[in-house]
Amino acid sequence: MIKNNINGIFLFDKHSNITSNSALQKVKHIFGANKAGHSGTLDPLATGLLPICFGEATKVSSYLLHSSKTYVVTAKLGETTETGDAEGRTIDTKTISIVNHSDFKKHLGLFLGESFQKPPMFSAVKINGKRLYKYAQKGEIIDRESRKINVYKITLINLTEKDFEIEVKCSKGTYIRVLIEDIAKKMGNYAHVTQLRRTNIELLDNYQMHNLFQISNMSKNELHNCIHPMDIVFKNKPKIKVNTEQSTQFNHGQNIKIENEELIIDEAIIIYNESNQLQGIGMVLGGNIIKPNKVFNLS
């Protein structure tokens, strides 16, 4: 198969029981892309939004990684597992105590805002150059530092005697499995994730996802129409248009001086040429000088 030099972002609706990397490889093959990477790993059990960055868009994946995420999660009460989800072995059970909606919502409210969360052993976090889940698979428990997270919104969708469903908008680095366990502990109970779906990433509001079945049956033109320009991740960043000479200098990694603009030192700024083509990301230095940070080859 001839590989295509595709540049842009595709919003994949990942199905369950597949790793994010396996999903990436399937999408990459269908599009015939020369280069691709995913942004924001989803557990095999999880479904939903997995951004696939093609070509030069791999250089902006960090913007998506650092954006807030929204999830809808279902959790089973009364059981805790070694992985924090339904894929793990049950390690303890507890009689379920009945909680009414009002009390449950009060418990959820305690988790709003900033807090510290310890990454679970079954995670891809590296310690001493080794993924935590590698230690966990051998039954080893490793000391790990708690990390600051932020829960911006948490909403109760459904509550029964056996499980509950919530929607969570949270910061980068939040482990939903740990959040679910902590919510249950606050009520003197156990819980683990049975279903998890990422419904949104802040910078990708109002863009449509497509699943594997859909793209497997699309023509080349239809596939092409599913790819979004990579600058959709810059909607909150300042932008500037430069002339032909400045564009050439910038593309060669040279600093450029901008006249008649008020620029903020140390601010990242998005550079376009006179034809409104994306050139790259610059860093503002003193004296209205912009230093190339990332240069995109989109020709």
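The values are calculated or read from the model by the stated rules, or taken from the named source; none is laboratory data. The shown structure was predicted, so the numbers you read here are calculated from the model rather than taken from an experiment. A quick note on method: Cβ atoms are made from the backbone with ideal geometry, for glycine too, and the neighbour counts reach across all protein chains shown.
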**OP:** Return only the number of the condition from (1) assigned to a loop (DSSP other than H, G, I, E, B); (2) outside the structural domain of I52 (by TED's automatic domain parsing); (3) modelled with pLDDT of 95 or more that M218 does not satisfy.
**Re:** (2)
Original post:
Hey, S20 hits all of (1) among the small types (G, A, S); (2) surrounded by fewer than 21 Cβ atoms within 10 Å (Cβ to Cβ); (3) outside the structural domain of T194 (by TED's automatic domain parsing); (4) at positive phi but one; which does it fall short on?
Top reply: (4)
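Based on this model, can you work out whether K172 counts as within 30 Å of D231 (Cβ to Cβ), modelled with pLDDT under 95 and of a type outside the set (D, E)? Steps first, answer last, please.
Values: within 30 Å of D231 (Cβ to Cβ): yes; modelled with pLDDT under 95: yes; of a type outside the set (D, E): yes.
The answer is yes for K172.
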**OP:** Identify, by number, the condition in (1) in a helix (DSSP H, G or I); (2) in contact with a strand residue (DSSP E or B) (Cβ under 9 Å, 6 or more places away or on another chain); (3) at pLDDT 95 or above that H192 doesn't meet.
**Re:** (1)
Subject >> Every residue from the range 101-125 that is without any contact (Cβ under 8 Å) to a residue 24 or more places away in the chain and in contact with a strand residue (DSSP E or B) (Cβ under 8 Å, 6 or more places away or on another chain) >> reply: V125
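Here is a yes/no grid of residues against (1) farther than 24 Å from N189 by Cα; (2) of a type in the set (G, A, S); (3) out of contact with any Cys (no Cβ under 7 Å at 6 or more places or on another chain):
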residue: S123; (1), (2), (3): no, yes, yes
residue: D143; (1), (2), (3): yes, no, yes
residue: N150; (1), (2), (3): no, no, no
residue: D163; (1), (2), (3): no, no, yes
Original post:
How about the range 1-117: which strands (runs of 3 or more DSSP E) wholly inside it have at least 1 residues that are basic (K, R) and touching a helix residue (DSSP H, G or I) at 6+ places or on another chain (Cβ under 9 Å)?
Top reply: 8-14, 69-77
